[in-house]
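All remarks here apply to the structure that follows.
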Amino acid sequence: MKRTLLALVPLLVLVVLLALDIAIFGADSILGASQVCLLVAAGICVALSIWVHKVPWESFEKAIGHNMAEVAPAILILLLIGAISGTWMASGVVPAFIYYGLKIISPKVFLLTASILCALVSVMTGSSWTTIATVGVALLGIGRAEGFSDAMTAGAIISGAYFGDKISPLSDTTVLASSINRVALFTHIRYMLKTTVPSFFITLVVFTILGVSHGEATDGQMAVYSAVLTGRFHITPWLLLVPLFTILMIWRRLPAIMVLALSSLIAGVGSIFLQPDIITEIGQAVTEGSRARILFAGVMETVYNSVSLETGNPEVNQLVASRGMLGMLNTVYLVVCAMCFGACMQASGMIRDLAMVMRPFTRTRTGLVSSTVVTGTALNGIVSDQYLSIILTSNLYRDTYEKEGYEQRLLSRSVEDSATVTSPLFPWSSCGMTQATILSVPTLVYAPFCLFNILSPLMSIVVAIIGWKIVRKSEASPEPENA
């Protein structure tokens, strides 16, 4: 009991610091304050362990070094995600995908198509926040004009955006959940489909029922949105070859780093031929000289730097803005600090002490998955950040899954089914505050309509009860190493 109470001290300190952090900095807490909180909590963990348990400092150094080595591929993937977000945007791939997606919007099934459109955009961008802040804002206005409540429309938008974010190989939370649990990225995504697709299917059925009674309304706003995209970008079906080639590489089970690097390279080179005016504009902002020099500078800017384009429409401006590799550095910073905190908790034995509290509930398959889901959801309410919830839940249960003989992909899926998708349901969390601010709809008002976010953790428990595709390690077929 004494060891358990001592193990709670760094965690409670972290919770208090993060509460102050969120209250003061809000959505900007990820820019640095959360990272400092993690390092302070790690320092308290080290101090208590050396003082009380006489754990040598060398043990912490070794654990931190080991964790840094483990997370190195994830950091590279995060940087490549920044690169691909820039090249896909500047080349017109994402604008083309959005343009053609807008064509399928039907007023008679607005909630259904709104959720699907947000899902598609989120898969392409890997960011639920970007999707909600751009397409989501436009859809909210259309929904209001068609007589839908803001809460209902916001629920459809957030449900679709988080579904796409959850299964996108470009999503930092997906990369984080898979890498921290040492599961190949596409193995993790394929395994998540078994709980994610049924949850989203039920969500779409409910939104269809809710929206089918509404009549037609003008789609003038969507026409304006499409016109702005076609006026700024050269939209052509040929642009869709880039995502199709990316899907082919994923289907061929190439390593995630190779897929992202090749896809970014193809989009970057293609942008010179497909969007020469845009690349020239970006290049001229940083250099002058020959056309070749300017085009090279423009492509490089889209890869590593944050790029903003003026379209004449504020909402579209947000949509076509890209972050590049530099935009991923705050996430990398958070991952590094979180891995230090996790390493210190691991080396001190505090993770083991905390896990022992949950041990009686994890002796069955259903109990283990349910405990993971409840913990991931609860931590979103406690630490107010989905990244930290993913990391802490993974650290708490990793050894238990190992000892019980379950595959780590079951842990990574259970963590994503809870820690990732429930984050916008808490008004005081960074996600909850951000989405409420962007959409101007209070969190507790839209939360009941975030059907996917509510169903996803419940579906994870249901699948655990059924036991579908959940096997012990000795029974599992080995995944290809490059999956």
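Can you find even one residue in region 369-388 that is over 30 Å from Val55 (Cα atoms), surrounded by fewer than 23 Cβ atoms within 10 Å (Cβ to Cβ), polar (S, T, N, Q) and touching a residue at least 12 places away in the same chain (Cβ under 8 Å)? The answer is yes; a qualifying residue exists. Just wondering, is there one or more residues in region 209-219 that are in a helix (DSSP H, G or I) and free of Cβ contacts under 8 Å to residues at least 40 places away in the same chain? Within region 209-219, one or more residues are in a helix (DSSP H, G or I) and free of Cβ contacts under 8 Å to residues at least 40 places away in the same chain. Return yes when Leu39 is in contact with a helix residue (DSSP H, G or I) (Cβ under 9 Å, 6 or more places away or on another chain) and surrounded by fewer than 19 Cβ atoms within 10 Å (Cβ to Cβ) and no when it is not. The answer is yes for Leu39. The combined condition, being at pLDDT 90 or above and touching a Phe, Trp or Tyr at 6+ places or on another chain (Cβ under 9 Å), is not fulfilled by Leu334. Scanning region 166-185 for residues that are of a type in the set (D, E, K, R), modelled with pLDDT under 90 and under 20 Å from Ile30 (Cα atoms) yields one hit, Asp172. The set of residues in region 444-462 that are farther than 14 Å from Thr203 by Cα and surrounded by 23 or more Cβ atoms within 10 Å (Cβ to Cβ) comprises Tyr446, Ser460.
So for region 421-435 (the condition being closer than 19 Å to Trp129 by Cβ, in contact with a Phe, Trp or Tyr (Cβ under 8 Å, 6 or more places away or on another chain) and modelled with pLDDT of 90 or more), does at least one residue qualify? Yes, some residue in region 421-435 is closer than 19 Å to Trp129 by Cβ, in contact with a Phe, Trp or Tyr (Cβ under 8 Å, 6 or more places away or on another chain) and modelled with pLDDT of 90 or more. Candidates are the residues of region 409-443 that are surrounded by fewer than 21 Cβ atoms within 10 Å (Cβ to Cβ) and among the polar types (S, T, N, Q); the one that is nearest to Ile142 (Cα to Cα) is Ser440.
Give me a count of the residues in region 280-339 that are among the basic types (Lys, Arg) and more than 30 Å from Ala72 (Cβ to Cβ). So the count comes out to 2. Within region 257-293, the residues that satisfy the criterion of being crowded, with 20+ Cβ neighbours inside 10 Å and either within 19 Å of Arg323 (Cβ to Cβ) or not assigned by TED's automatic domain parsing to the domain that holds Phe186 (or both) are Leu260, Ser263, Ser264, Ala267, Gly268, Ser271, Gln275, Ile278, Ile279, Ile282, Gly283. Picking from residues in region 297-336 that are touching a Ser or Thr at 6+ places or on another chain (Cβ under 8 Å) and more than 24 Å from Ile98 (Cα to Cα), the one that is surrounded by the fewest Cβ atoms within 10 Å (Cβ to Cβ) is Leu326.
Looking only at residues in region 147-164 that are surrounded by fewer than 24 Cβ atoms within 10 Å (Cβ to Cβ) and among the small types (Gly, Ala, Ser), the one that is nearest to the chain's Cα centre (by Cα) is Ala151.
For Asp417, the conditions (1) under 19 Å from Ala184 (Cα atoms); (2) at pLDDT below 80 are fulfilled apart from (2).
Residue-wise test of (1) within 19 Å of the chain's Cα centre (by Cα); (2) among the hydroxyl-bearing types (Ser, Thr, Tyr).
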position	(1), (2)
Asn395	yes, no
Thr400	no, yes
Glu404	no, no
Ser412	yes, yes
Val415	yes, no
Ala419	yes, no
Thr422	yes, yes
Asn453	yes, no
Ser456	yes, yes
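Is one or more of the residues making up region 238-246 buried (at least 17 other Cβ atoms within 10 Å of the Cβ) and at pLDDT 90 or above?
The answer is no, given that none of the residues of region 238-246 is buried (at least 17 other Cβ atoms within 10 Å of the Cβ) and at pLDDT 90 or above.
The residues in region 175-202 that are in contact with an Asp or Glu (Cβ under 7 Å, 6 or more places away or on another chain) and surrounded by 24 or more Cβ atoms within 10 Å (Cβ to Cβ) can be counted, and the count is 3. Among the helices (runs of 4 or more DSSP H) confined to region 294-366, the ones with at least 3 residues that are assigned by TED's automatic domain parsing to the domain that holds Ser178 and among the hydrophobic types (A, V, I, L, M, F, W, C) are located at 314-320. Only a single criterion out of (1) closer than 30 Å to Met328 by Cα; (2) surrounded by 15 or more Cβ atoms within 10 Å (Cβ to Cβ); (3) modelled with pLDDT of 85 or more is not satisfied by Leu20, namely (2).
The values are calculated or read from the model by the stated rules, or taken from the named source; none is laboratory data. In this text the structure is predicted, and so the values were computed from the model without any measurement. Here the Cβ is made from the backbone with ideal geometry for all residues, glycine too, and neighbour counts use every protein chain on show.
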